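The values are calculated or read from the model by the stated rules, or taken from the named source; none is laboratory data. Since the structure is predicted, the reported quantities are computational estimates derived from the model, not experimental observations. Neighbour counts are summed over all protein chains in view; Cβ atoms, including those assigned to glycine, are modelled from backbone coordinates with ideal geometry. Accessible surface areas use protein heavy atoms only, side chains included; no ligands, DNA or RNA. Shrake-Rupley method; radii C 1.70, N 1.55, O 1.52, S 1.80 Å.
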Amino acid sequence: MSVSTTTTSNPQVIAVANNKGGVGKTASAAAIAGELACQGHAVLALDLDPQAGNLTAVLHQRGYRGHTLLSVLLGEATLEEIIVETKQANLDLLPASIQLLSQESRLQRIPGYHGLLRRLLPQLSGYAYLVIDCPPSLGDLTSLALTAADVYVIPCQAEQLAFDGLHDMVRAAGVVRDNLNEKLTMAGIFFTAYHPNQRGALNHGTVEATRRIYGDDALLPHIRKDMAVPMSQATQQSVCTYDPTSRAAQDYKLLTQAILKAL
């Protein structure tokens, strides 16, 4: 898919963020991007996790060592040179590599670095949606993503540590909204690897505490645990193309529909 520079409408940007790892963040970013592509939208998935590059491994190749977003921001490559196609129609990827981690400190030397990604959006006008897999931290790259985003979603697991990270993420996004991106909105929170009929007392309490603090409207459709997710990742496909009849594909379809309502 070529990147259009002839139109003026920017893509709508969805950031998938949580400062705790292991909550299904990357799997969710891939599934949301894949579902939007299945609906016929032109989608760019953006991997901003330099520590692992998991989204790149899931949708493109493992051990990627090529140029990244920072290569573009630092004038070392163009978007056309680094954006790659995936196996799925309508879905492209802006990959990450371990090199992104070593270059991250160079961000702060660029004037107005928080707005760098937002200023690139006109060059990405060939896409309807941009889905960003943020790193599991509250650092500069997450701030870069949230400054460009229209909405953010927080994947979470129904356990205490993930619940604590949820609060930190909401607070950090609030700082970005107040200082850098007044349009930023939380589309909601969703729980991964979750089945309401098999939840323990702790899991039930975590979900209900989230509902009590953030309200019913903040809770998005949950994602049930399903082997179709790791199986799809092993074949470098989104779950909606790997097995559209699976529980996970059905759940991510409902989740994506809920996110679109927030845009």
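Within this structure, Gln236 passes the test of being in contact with a Lys or Arg (Cβ under 7 Å, 6 or more places away or on another chain), open to solvent by 10 Å² or more (accessible area, probe 1.4 Å) and modelled with pLDDT under 95.
Gly188: at pLDDT 95 or above, over 15 Å from the mean Cα position of the chain (by Cα) and among the small types (Gly, Ala, Ser), yes or no? Judged against the criteria, Gly188 is not a match. Being touching a Leu at 6+ places or on another chain (Cβ under 8 Å) and over 24 Å from Ala30 (Cα atoms) is true of Leu180.
Condition check ((1) farther than 17 Å from Cys134 by Cα; (2) of a type outside the set (A, V, I, L, M); (3) in contact with a Phe, Trp or Tyr (Cβ under 9 Å, 6 or more places away or on another chain)) across all residues:
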{"position": "Ala42", "(1), (2), (3)": "yes, no, yes"}
{"position": "Leu48", "(1), (2), (3)": "no, no, no"}
{"position": "Leu55", "(1), (2), (3)": "no, no, no"}
{"position": "Leu59", "(1), (2), (3)": "no, no, no"}
{"position": "Arg62", "(1), (2), (3)": "yes, yes, no"}
{"position": "Leu70", "(1), (2), (3)": "no, no, no"}
{"position": "Leu74", "(1), (2), (3)": "yes, no, no"}
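For the range 8-35, the candidate set comprises residues that are open to solvent by 10 Å² or more (accessible area, probe 1.4 Å) and not polar (S, T, N, Q); within that set, the residue that is nearest to the chain's Cα centre (by Cα) is Lys25.
Scoring Ala193 on the criteria (1) open to solvent by less than 10 Å² (accessible area, probe 1.4 Å); (2) assigned to a loop (DSSP other than H, G, I, E, B) leaves a single failure, condition (1). For the range 148-166, a residue qualifies if it is in a helix (DSSP H, G or I) and more than 13 Å from the chain's Cα centre (by Cα), and the qualifying residues are Gln160, Leu161, Ala162, Phe163, Asp164, Gly165, Leu166. Scanning the range 243-255 for residues that are open to solvent by less than 80 Å² (accessible area, probe 1.4 Å) and part of a helix (DSSP H, G or I) returns Ala248, Ala249, Asp251, Tyr252, Leu255. Taken together, Ile223, Ile259 contain a single residue that is in a helix (DSSP H, G or I) and crowded, with 18+ Cβ neighbours inside 10 Å, which is Ile259.
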